[in-house]
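These notes are about the structure you will find just below.
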Amino acid sequence: MVPSKVIARLRPHAARASWAVAEQAVSPLLMTALTPYLLKQLGVDQFGLWMLVMAIVGMGQLTSLGAGTATIKHVSADLENGLVEDAVATIRAAVTIVVLGGGFVTLVAAATAPLIAQIFFAKMGSFAIVSQLLVLGMVLMLIQELDNVFSSALRGAQRFDLSAKIEFFTRIVWAVGVGLLAWHYRSVVAVLSGILLLSVIKAGFKAHQVNRLLSVSICHKLSLDLLYLKRVVTFGKWQWVQSFGGMLFSVADRLLIGAVFGATDLARYSICSQLAQYVHAIPAVAMQVIFPWLSAKKEKGESIQRLPLCKYALYAGGGCFLLSVVLFISAPVLLKVWLGEKFYVDNIELALILISAYGILAFNVPVHYFLMGLGEIRFLSVTNLVAGLVSVSASLILAPLGLIWFSASKLLFGPIILINFFKVKKESK
């Protein structure tokens, strides 16, 4: 049984964790509900194109140098010490990095999209449509990263409730809008154009909320203050490396499937991933409250006993893994109810492999956030990068054997990053 002391220590964070889950769970839940409808309105191939664009959007942290995570760390520490001006300056620096990095990548994408579509994504369908979607994806990625900076500022202030309320309302509007656009136009280009507009509005709402929370009006404005730009990049560069490793697990696979197998296989892989990733996403969004809390304690110089943290990480990791066991057992029934008997028969093996991979990853979630809060971003970056490179290398080797074997390569990522537990234990001595 979990010791009562552990429960007592975690209880104060339960409300923040609940808001964090509410904020980031609403989007995948709505997407899950919409998937059967969108498959009917858009068709499998266009749905696959949408998933390709979402994979591109998932590469956002590579263009922002980890500005969002750096924002959480520094804002939490600054506000804990009453340094509001420093927190504001950090947010502005993060916005500047996102705009410059994302803007540059978007311009390059616009210039090279036709060539990329022709060389890498010939199996995804119409050359003209794929080119257009690549550019749309890059612009959407830029907006999403700006949104992420403002969300990170709210998380750094430990106001998960404010971000969650905006996310919940706008995502409901998003779901209705996507459904109507898919029904009326039956075009993935039209749907993504609508998503882009709604994303701009959502980011604007969050920027307003950050300004209001900090009693300023400049958090959304660019700043070229080198001191704060360096401050964000210094921490963010290791988050960039870590994000690259994570991208190799959760994004590169979809890009490779689009290039090697085509739109239809990308659609069914993405749908199975959509179900499987719940076992990692729910613990990840709940546990993220640990990062700003622990970071603030460390910044204040408070004593942190690391050996108990390792034990808590093991207890919490076991709880996170149980979710994958439940989903693994119930997956056959869920797939039949969700998308029908035929989809179940064709894809149950793929779904179970992905659930297992995400389940092992979920076990690592608590220790990941403990190490981030303790400032061990460099170590996390290296372990994630190594795990990602091994996983992708294996997928390329296994790709000729088919989609199932390609997907099995994801089972390698989680066991490799178990070394994170040894890092906490070692530093405790």
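The values are calculated or read from the model by the stated rules, or taken from the named source; none is laboratory data. What you see is a predicted model, and the numbers here were worked out from it, not measured in a lab. Positions of Cβ are generated from backbone atoms using ideal geometry, with glycine treated the same way; all protein chains shown enter the neighbour counts.
Computed quantities for the displayed model
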quantity	calculated
Top-ranked residue of the range 178-230 - restricted to ones that are free of Cβ contacts under 8 Å to residues at least 40 places away in the same chain, in a helix (DSSP H, G or I) and of a type in the set (Gly, Ala, Ser), ranked as nearest to residue 150 (Cα to Cα)	204
Hits in the range 319-372 - residues which are among the aromatic types (Phe, Trp, Tyr) and closer than 23 Å to residue 270 by Cβ	328, 338, 343, 344, 358
In the range 335-347, the residues that are part of a helix (DSSP H, G or I) and loosely packed, with under 15 Cβ neighbours inside 10 Å	337, 341, 342, 345, 346
Exclusive hit being under 24 Å from residue 310 (Cβ atoms), assigned to a helix (DSSP H, G or I), modelled with pLDDT of 90 or more and not polar (S, T, N, Q), set 399, 387	387
Pairs with Cβ under 7 Å, 6+ apart, first in the range 412-429 and of a type outside the set (A, V, I, L, M, F, W, C), second at pLDDT below 70	427/306; 428/306; 428/307
Flag for residue 76 being under 27 Å from residue 368 (Cβ atoms), modelled with pLDDT under 90, crowded, with 24+ Cβ neighbours inside 10 Å and more than 19 Å from the chain's Cα centre (by Cα)	yes
Criterion (in contact with a Phe, Trp or Tyr (Cβ under 7 Å, 6 or more places away or on another chain), of a type in the set (Asp, Glu) and part of a helix (DSSP H, G or I)) met by exactly one of 253, 265, 161	161
Condition check for residue 169: over 20 Å from residue 47 (Cα atoms), buried (at least 16 other Cβ atoms within 10 Å of the Cβ) and among the aromatic types (Phe, Trp, Tyr)	no
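Conditions tested, residue by residue: (1) among the hydroxyl-bearing types (Ser, Thr, Tyr); (2) at pLDDT below 90; (3) part of a helix (DSSP H, G or I).
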site: 318; (1), (2), (3): no, yes, yes
site: 325; (1), (2), (3): no, no, yes
site: 328; (1), (2), (3): no, no, yes
site: 331; (1), (2), (3): no, no, yes
site: 352; (1), (2), (3): no, no, yes
site: 383; (1), (2), (3): yes, no, yes
site: 395; (1), (2), (3): yes, no, yes
